[in-house]
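Taking it in order: structure first as structure tokens, then the write-up.
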């Protein structure tokens, strides 16, 4: 997989903010869509607007990408042999939702494992996620559909 392309896609979809902000679901976030948790000792509990250095943003982003790819491989045991475009779409969704939420896309996973890209796109669209992030989801659905 072209990791640089994935970085660019995620940066475009997430944006980059050098401060703590609330995401569309109200969770404390910073940088390139990094959800702040109690593992982020220096950021956890800090108020919105707290500055975050570019260096810290880059560090968090690289860690988040590695976690994302690990979770993709956990969820799809054949992730590395899927078409690269499918890998990028799944990784983008994983980065956005995390493994607990993406693992609920059972029918999408089944379609992906069968190589049925059109059905996978239908299942992506038939979700709460599609309503929550319609621009991003719409782009990813179109990309999946275009593979069929």
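Details
- Scattering curve values for the chain, log₁₀ I(q)/I(0), Debye with Cα scatterers, q = 0.18, 0.21 Å⁻¹: -1.05, -1.34
- Look at 24, 34 and count the other Cβ atoms within 10 Å of each Cβ; fewest to most, that gives 24, 34.
- Gyration tensor (alpha-carbon) shape descriptor, segment 95-148, a/c threshold 1.5: oblate
- With contacts taken as Cα pairs under 8 Å and at least 6 residues apart, the chain reaches a relative contact order of 18 percent.
- Neighbour-count order for 30, 72, fewest beta carbons within 10 angstrom listed first: 72, 30
- Secondary-structure-derived ellipticity at 222 nm for the chain, considering helices only, amounts to -17500 deg cm²/dmol, per-run term -39500 (n - 2.57) for DSSP H runs with n ≥ 4.
- Taking label positions 7 Å along the Cα-Cβ direction at both residue 39 and residue 73, the computed distance is 1.6 nm, reported to one decimal.
- 0 to 90° range, to nearest 10: angle between helix 54-75 axis and the chain longest Cα axis: 30 degrees
- Residue order, fewest to most beta carbons within 10 Å, for 127, 103: 103, 127
Values quoted throughout were computed directly from the atomic coordinates according to the rules given, and no laboratory measurement underlies them. Just so it is clear, the model here is predicted, and its values are computed rather than measured. Using ideal geometry, Cβ is built from the backbone for each residue, glycine included, and neighbour counts are taken over all protein chains shown.
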